[in-house]
Amino acid sequence: MADGASRPWKRQTMMAFAEDADPRFTEKSVETDEKSKKKFGAPEKKPARIAFTGEEWGFGYQATKQFLDSARKRGTVPDAGFGAMELRVEREFDEASKNNRFDYQNPDTQPLRTKEQALMAVQQNIADFALVPFYNPYSGYDYESLRAVASLSRLRGVQQIEASDHFCLAVHESQLYDIVQSSHPGTGFSALQRRMRKSWGLIDTGSGNTPGGDAGYDGEMPRAGLPIDMADQKMIRDRIDMVFAGPDASRRCKAKLDGMRAIGVDVQETAQMVEPHRELARMARSAVSNTRQTNTFFDPISGDTRHFSTLGAEAQNGKLFAMVLPYEVAMRSSDYLIIDHNFEQGDPMKTRFMVVENNPDHTLYEDRYRTTDAKTGYWTKRLATIANPNFGDAIPAGLMRMLGMAVGAVAILLMVFGLYGWSASMTALNLPSSLEWISSLTATGALGLGVAAAIASFVMLSSQATGSRGVRVMFLFRRDKTAASIGDIEDYLRNYGVRHTVVRVDEDSNKDAPASMVLDVEFDPEDFKYGLFALLTRRLRGSVVNGAVKKAFARWKNRGVTILAAMPVEAGQSQLPKHQARRWWSEAIGDWLADATETWFIRLSRILFFYIFPVALVLAVALKFLNAW
């Protein structure tokens, strides 16, 4: 460069993860490009490439920030239990899901317009992770995201992120400066001309950009642009002539928009497909005064540049537009001036995002997993790894399995002695002097103890630890021909009180090809537990998770069952409603008695009123006539 620097210099931003999303920042800062601190001898990590959507609504930025905060805290990202399998698949899958190899301190973010673009970026190895929304409290499940993930067998959801957004009221500075610079001297608007603009960066703290708290910039202060206070906000708000709002903003901000209508402000609703911040910028630029004269003077000797702007008072007749924008969008643009930071009523809605990565399913490629039991064991192990990510979580179950091996050895020894003594007593063989103590009764007892020890050993070897967190699993079922219903799996989950819901991912009017179905299940930590106590109180054969997975894969060839996502559920992150568990010793007997009583009452009353009473009446009448005769 002219000053000897190797590259242009710019201020560092607090939102370094979203720098690539801002069109003004075409390259990273020097501080951002520096290699992150690493231990001696540690390999160099490449930046994590993150593709996300939702830029036009604002919550995509927040979801990316929360994802990066979680990744930096843990040093990695959940991998849906892929790393615990110690298996490899061929070619392009070899480097899949080694999430601790990325540098999350200096990520490379890629804001994209659609969900399909974000997912294809991962599919084509342009990005390492994709963040796509899959659930909204108002509109429900995002069918586009579910269909897109289902169409790409290599991709899988590995983590869920919650992101909320709220709306603010903002005006475009190009229109506001016309009003400010053409205002009468001494008025409130003319006083705004003497304000120094706030800049983007930490070093220029005199402009009001001082960061506050752990969250970075103060959420109640725009990051750049014209500095105003609450009195200025009210003054500008009273000058607004027209407010534009999208369908979602019109619904969530109805109370304040009705208030603005009541005072004479023209409120208009824009179409859903219109991006509000770009639309307002276009309308504001088309409405600015074209009578302004701007002159620029440059002194080649001193290097000073001066600007002179002349504007008449006719700009006061122009209209001032305002737009209801997502706060995360408006606060990132210095062209917008926020005049009401919280324009909606009620708590903001939380949109759930799914972190998708290249995460192969070995059961789709390896012949060893063609049977139902092998496929069940594979995914049960992966889900148990998600529920117990730490090494210490699996120690109790490991000790129990080691004890099961010892008990199994004792069982084999007892059964050998029992069979030997039983066969000797049946065939009248002469036992050696060292084994004369073995009688038929002793041999029978040894056989019984051996069988009991073998059963106990089997239970101990099959034991599973209680999870330290829950797991959310999304099963995709193809419904065609004989596999049009998943009622058996729903009934199983309902019996054990497991949270679940069913989602159809497409239109379902075609009789010959019904739409695929997603079964969304949230397993609690206790659903992974299996041992001697759970054998008697919870489930006889394996854990609840094992039974659910086996039910799903029981007819997997007909159903075409695949797993779209396997994501951890942290404390307080459960979404689906809790079901009431059914216990065989309580609810089952009570339901049977109620059903039997109701059935018997209906049958007995029908027999009594339609058969016995009429026959008895006929007999009574006949006997009376016979006696009278």
For this session: Would you mention how many residues in the range 443-458 are touching a Phe, Trp or Tyr at 6+ places or on another chain (Cβ under 8 Å) and hydrophobic (A, V, I, L, M, F, W, C)?
Result: 3
Problem set entry | Filter result (in a loop (DSSP other than H, G, I, E, B), open to solvent by less than 10 Å² (accessible area, probe 1.4 Å) and modelled with pLDDT of 85 or more) within the range 82-132 | Ala127
Problem set entry | Looking only at the range 243-289, and only at residues there that are acidic (Asp, Glu) and under 28 Å from the mean Cα position of the chain (by Cα), the one that is farthest from Asp335 (Cα to Cα) | Asp248
For this session: Tell me which of these Phe308 doesn't satisfy, since it passes every other one: (1) over 31 Å from the mean Cα position of the chain (by Cα); (2) surrounded by 10 or more Cβ atoms within 10 Å (Cβ to Cβ); (3) without any contact (Cβ under 8 Å) to a residue 40 or more places away in the chain.
Result: (2)
Exercise. Does any residue in the range 290-304 that is within 30 Å of Lys319 (Cα to Cα) and part of a loop (DSSP other than H, G, I, E, B) come within less than 6 Å, Cβ to Cβ, of a residue that is open to solvent by 100 Å² or more (accessible area, probe 1.4 Å) and not small (Gly, Ala, Ser) six or more places away or on a different chain, and which pairs are these?
Worked result: none
Exercise. Pick from Asp232, Asp214: which is out of contact with any helix residue (DSSP H, G or I) (no Cβ under 9 Å at 6 or more places or on another chain), charged (D, E, K, R) and either modelled with pLDDT under 85 or not in a loop (DSSP other than H, G, I, E, B) (or both)?
Worked result: Asp214
Problem set entry | Lone unmet requirement of (1) open to solvent by less than 30 Å² (accessible area, probe 1.4 Å); (2) in contact with a strand residue (DSSP E or B) (Cβ under 9 Å, 6 or more places away or on another chain) for Met349 | (1)
Seminar exercise, completed: When the range 37-63 is checked residue by residue, the ones that are charged (D, E, K, R) and at pLDDT below 85 are Lys37, Lys38, Lys39, Glu44, Lys45, Glu55, Glu56
Exercise. How about the range 235-250: which of its residues are part of a helix (DSSP H, G or I) and either open to solvent by less than 60 Å² (accessible area, probe 1.4 Å) or touching a residue at least 60 places away in the same chain (Cβ under 8 Å) (or both)?
Worked result: Met235, Ile236, Arg237, Arg239, Pro247, Asp248, Ala249, Ser250
Seminar exercise, completed: Scanning the range 64-78 for residues that are hydroxyl-bearing (Ser, Thr, Tyr) and either surrounded by 21 or more Cβ atoms within 10 Å (Cβ to Cβ) or part of a loop (DSSP other than H, G, I, E, B) (or both) gives Thr64, Thr76
Problem set entry | Residues within the range 352-378 that are touching a residue at least 60 places away in the same chain (Cβ under 8 Å), farther than 19 Å from Val132 by Cα, open to solvent by 20 Å² or more (accessible area, probe 1.4 Å) and not in a helix (DSSP H, G or I), tallied | 2
Problem set entry | Residues of the range 262-275 that turn out to be open to solvent by 100 Å² or more (accessible area, probe 1.4 Å), among the charged types (D, E, K, R) and either at pLDDT 90 or above or assigned to a loop (DSSP other than H, G, I, E, B) (or both), as a count | 0
Problem set entry | Enumeration of residues in the range 305-329 that are assigned to a helix (DSSP H, G or I) and either in contact with a His (Cβ under 7 Å, 6 or more places away or on another chain) or charged (D, E, K, R) (or both) | Glu314, Tyr327, Glu328, Val329
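The values are calculated or read from the model by the stated rules, or taken from the named source; none is laboratory data. Not measured: the values here are computed from a predicted model. In this analysis, Cβ positions are derived from the backbone assuming ideal geometry, glycine residues included, and neighbour counts consider all displayed protein chains. Please note that ligands, DNA and RNA were not included when accessible areas were found on the heavy atoms of the full protein model with its side chains. Shrake-Rupley method; radii C 1.70, N 1.55, O 1.52, S 1.80 Å.
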